[in-house]
1. Residue 39 versus residue 26, label points 7 Å from Cα toward the beta carbon: distance in nm?
2. Which FRET efficiency, nearest 0.05, do residue 84 and residue 52 yield, Cβ-Cβ r, R0 22 Å?
3. Return a whole-number percent for the relative contact order of the range 177-312, with Cα pairs under 8 Å and 6 or more residues apart as the contact set.
4. log10 I(q)/I(0), Debye, Cα-only the range 186-312, no solvent, q = 0.21, 0.23 Å⁻¹?
5. Suppose R0 equals 25 Å; then what is the FRET efficiency for residue 299 and residue 216 from their Cβ-Cβ distance, rounded to the nearest 0.05?
Amino acid sequence: MKKQCVYDMWGAPINETGPRSPLTRLELGRGCHFLFHSTALAVWTCFVQLQDLEFIYCDALVYWPEEFQSLVSLRNLVIWDCYSLIGYARAVPGQPASERSQLLPNLESLDIVRDCESLVEVFNVPASLKKMDVRRCPYLDSIFGKQQDKPILNQEPSNDVMASIAAVPQLSSSTRDHFLPCLESLRIRMCGSLSEVLNLPPSLREIYIFQCDKLQLLSGQLYGLRILDIELCPELRSLESVSGELQTLECLRLRGCESLAPFLPDAPPAYSCLRELAITHCPGIKSLPWSLRQRLDSLEVKVLALSLFTWS
């Protein structure tokens, strides 16, 4: 007699004679409304071993779901073309944003790409995050969560954030002062409503920002930064609040930042690792610091709008 094949809810065959392998990767698209119904919490608790989750053209994803709290093992989250996604649901009257639950406590990579046209805020990202890529979200005004995307100096971090930071091994005391102590890569592209990105941590190694028309302020302690690439941000005023001597900087590209004022440091240790320099269409930068001029002949790549510069 032929044995009947039994399938789980995702169409995967179940071996009735042996242990089931835990689900570690899941892709959700159109027609997943049942997962966001109030009765679906029990389903999400089955995903505790999930490590990779993708939403592609998922019109059921409207608000950051509290069900994400079950995804304690998730490492990578990708969101593509989710036109209905807004952010958090409207807060209950009297409930401050700081009371929002911490979601995805072990998330390492977050990609929100391609036409999330309704998105206005990212959820409160965890301290474990290493990579963040946000693209083509025209109404986005907060990339780290509203209560975190503000200056944090002289403020005590929440217990949830401190617990997450304590779980990360081998962090220096200076790194622990930042709410994203593991973030290494930040890419923001075509987010036309974003006006500021604050309190960037010293763990960052690369920053790419492209065509953010209203971005005015970028701040942080970027002592280990290797790549700073900012293009077509006409309202960006200053990078003076981006502290650090740029000793580790290998690539500096500034293009089409018409309002950018001079900010480059002139200490002898600066630019000792620089290999590539490109500054074009930044009329506010009319001179280069002496320590950088001394390095020009040794650069592998050099693109400068020389007519804008004075060398005396």
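The numbers here are math on the coordinates, done by the rules we state, and not lab data. Just so you know, these numbers come straight off a predicted model, no measurement behind them. Please note: Cβ atoms are built from the backbone with ideal geometry, for glycine as well, and neighbour counts cover all protein chains shown.
1. 1.8 nm
2. Details: r = 22 Å, r/R0 = 1.01.
Result of the calculation: an efficiency of 0.50.
3. Details: 357 pairs, mean separation 22.4, N = 136.
Answer for the range 177-312 is 16 percent.
4. For the range 186-312, the Cα-only Debye profile gives -1.34, -1.60.
5. Values: r = 29 Å, r/R0 = 1.18.
E(calc), rounded to 0.05, equals 0.25.
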